[in-house]
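Here's the structure, in structure tokens; my notes come after.
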Amino acid sequence: MKLYSVSDGPPSLACQQLLKALDIEYELINVDFGKSEHLTNEYEELNPQKEIPTLIDDDLIMGESNAILQYLADQYDSSGKLYPKEPKLRAIVNHRLCFNLALYYRNISEYVMAPIYYDYQRTPLGLKKTKMALDIFNTYLQRENSTYAAGNNLTIADFPLVTATMCLEAIDFQLDSWPYVVKWYENFKQKHPDLWEIAADGMREISYFEKNPPVSSVDHPIHPVRKNA
Ligand SMILES: N[C@@H](CCC(=O)N[C@@H](CS)C(=O)NCC(=O)O)C(=O)O
């Protein structure tokens, strides 16, 4: 098995966390985002979306981290706990994954990540959308009164939500106004230090780039790149 991954990319780190939780041996192929290795024709063959991560497991080749998490858990989690089969439990896991993809990480990524790696500014609208995402996640955690993102067991939903929240910590964004998010996030760190360490490595890189914004000589097909420090 191979995982094409970027060292500070939350979706990649979520997949790495699951692989570690499942104790699966695999080849980690580091894609150098700064050198735009994901924009090459060779990488596009593997992932036409030109996004990282991409998983290869025999004849299965695919991107989209949620689909990767779902596949890996279905195929390799003999405990059945990380992605429960019971329809209602599974529905909540699926909901949290969709919530993260469509709203939580989407808003955090636009606010935190895009202005680090591309030539964008943080805006009041971006801040509002990030706070809204946190409000909603806080409400889900409070309403369910659950230790984890989808119930009282660790599931695949926790990984992308933790790696998304890590981006906020990377820029010293204060989370005190969202106590249930803080409780859930700190619990994950404390109960799963080996999995947290995977996210923490990425967080240290993001913090570094926050203070030392990267420049690039490669033209991106969509985003404006920073040409000067
Ligand atoms: N929905 C995708 C998103 C993956 C994603 O956005 N990856 C970033 C790196 S963290 C990327 O490849 N961005 C491409 C670019 O900015 O050119 C997933 O969850 O796998």
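The values are calculated or read from the model by the stated rules, or taken from the named source; none is laboratory data. Here the structure is a predicted model, which is why all the values come from computation and not from measurement. Note that we place each Cβ from the backbone using ideal geometry, even for glycine, and neighbour counts take in every protein chain shown. Each accessible area value is taken on the protein alone, full model and side chains, heavy atoms only, with ligands, DNA and RNA left out. Shrake-Rupley method; radii C 1.70, N 1.55, O 1.52, S 1.80 Å.
Some points to look at:
- Of the residues making up the stretch 4-36, those that are charged (D, E, K, R) and over 25 Å from Glu110 (Cβ atoms) are Lys20, Asp23, Glu25, Glu27.
- Residue within the stretch 10-18 that is within 12 Å of the ligand (Cβ to nearest atom) and open to solvent by 40 Å² or more (accessible area, probe 1.4 Å) present: no
So that you can scan it fast, the table gives a plain yes or no per residue for (1) closer than 20 Å to Leu161 by Cβ; (2) exposed (fewer than 13 other Cβ atoms within 10 Å of the Cβ); (3) hydroxyl-bearing (Ser, Thr, Tyr); (4) within 11 Å of the ligand (Cβ to nearest atom):
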{"residue": "Asn41", "(1), (2), (3), (4)": "no, yes, no, no"}
{"residue": "Leu60", "(1), (2), (3), (4)": "no, yes, no, no"}
{"residue": "Ser65", "(1), (2), (3), (4)": "yes, no, yes, yes"}
{"residue": "Leu69", "(1), (2), (3), (4)": "yes, no, no, yes"}
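- One residue from Asp194, Asp201 being in contact with a helix residue (DSSP H, G or I) (Cβ under 7 Å, 6 or more places away or on another chain) and within 22 Å of Leu22 (Cα to Cα): Asp194
- Pairs meeting the criteria (first residue in the stretch 78-92 and assigned to a loop (DSSP other than H, G, I, E, B), second residue of a type in the set (A, V, I, L, M) and surrounded by 11 or more Cβ atoms within 10 Å (Cβ to Cβ), beta carbons under 7 Å, at least 6 apart or on different chains) are Leu82/Ala21; Leu82/Ala73; Leu82/Leu154; Leu82/Ile156; Tyr83/Ala73; Tyr83/Val93; Tyr83/Ile156; Pro84/Val93.
- Being crowded, with 19+ Cβ neighbours inside 10 Å and of a type in the set (Gly, Ala, Ser) holds for only one residue in Ala73, Ala91, and it is Ala73.
- Looking at the stretch 114-229, the helices (runs of 4 or more DSSP H) lying wholly inside it that each contain 3 or more residues that are more than 16 Å from the ligand (Cβ to nearest atom) sit at 124-144, 179-191, 193-211.
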